[in-house]
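Report on one structure; see the data block that follows.
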Amino acid sequence: MNFELVFIPYPGISHLRSTVEMAKLLVDQENRLTISVLILPFLSGSAAAASPYVEALSAASSDRLRYEVISTGGDQTTSEPEATTLDMHIENHIPNVRRAVAKLFDHYSTIPNSPKIAGFVLDMFCTSLIDVANEFHVPSYLFYTSNAGVLALGFHVQHLYDNNNYHVRESDFEDSETELVIPGLIRPYPVKCLPHGLASELWLPIYVNHSRRFKEMKEQKFNAFEMVEELGLAVQIKRYWRGDHLGGVAAVDLVKAEEIERAVRCLMEQDSEVRKRVKEMSKKCHAALMDGGSSRIAMQKFIQDVVKNIALPCSQII
């Protein structure tokens, strides 16, 4: 039986690129699978930079990997805060996504032996589209475009927040020596290094809500590359950094040339422990992507899970 997945990446170039590469890997591995990637309009500030890449994707559409650009339906302007704008941007396009998916269902209903739509694969910031998947009685799967450590951190903060053990006042974090013991991380996490979204009164409720909705999905699939700091592969330049990674604003101290030179020399030394660990991890990452490697096996298990769920009633899937 042929089946299809609908991928919906967050409209940011890094999210889109990683989603596209994952889609390519999956269709290469499973010849029964087709994928439709729905590309939502980018926010005005990043649309121009993404345009050539999106145009190239549209031209590269094939029978088994298709790209559909969702129309803006007119200019959308808002005076809301940036966090609200980014989150509402997805919700504003729910009707457009619903129409695109309905069109797919209608198209396949007229074609004998056409693929069966087996589910949505949603970006970590597209959790509001779970409701659309439910409307079509198909499961949702999470494509988490960061690493496993960040996912563990987000779940832990959500747990603390929901139990009234986590309150945000940014001034409390800036010079704090407090550390969080987080399941899944091998070292305590300093709160002064929390990402902007988890230490901001504006962003925190949005991130917490996404973490809650992750648990509504059928599976929590993510590209789980370990954090370089966890693995000891990073050369310390500055211990303290904070910034708005979605807005592109980072609050960091200037790094002196001497400090950069010291770090580079440390990496270049032939007998450096960091260099040895980098080489070792490079081999492990390469092996993971080969036949029989952990990444290949994970993709096979994902495909098996999707196929298994096709035959189940929706009430047993969610």
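The values are calculated or read from the model by the stated rules, or taken from the named source; none is laboratory data. No experiment lies behind these values; they were computed from the predicted model shown. Here Cβ is always computed from backbone atoms with ideal geometry, including for glycine, and neighbour counts include all displayed protein chains.
Summary of values
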| read-out | value |
| --- | --- |
| Flag if ILE90 is touching a helix residue (DSSP H, G or I) at 6+ places or on another chain (Cβ under 7 Å), under 20 Å from MET1 (Cβ atoms), β-branched (Val, Ile, Thr) and surrounded by 19 or more Cβ atoms within 10 Å (Cβ to Cβ) | no |
| Members of the stretch 24-34 found to be surrounded by 16 or more Cβ atoms within 10 Å (Cβ to Cβ) and touching a residue at least 60 places away in the same chain (Cβ under 8 Å), listed by number | LEU26, GLU30, LEU33, THR34 |
| Those residues of the stretch 179-216 which are in a strand (DSSP E or B) and not aliphatic (A, V, I, L, M), in sequence order | GLU179, TYR189, PRO190 |
| Count of residues meeting criterion [aliphatic (A, V, I, L, M) and crowded, with 23+ Cβ neighbours inside 10 Å] in the stretch 125-152 | 4 |
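A quick yes/no check of all residues on (1) under 19 Å from ASP123 (Cα atoms); (2) outside any helix (DSSP H, G or I); (3) at pLDDT below 95; (4) not basic (Lys, Arg):
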residue	(1), (2), (3), (4)
LEU5	yes, yes, no, yes
PRO11	yes, yes, yes, yes
SER14	yes, no, yes, yes
SER18	yes, no, yes, yes
SER46	yes, no, yes, yes
ALA50	yes, no, yes, yes
GLU55	no, no, yes, yes
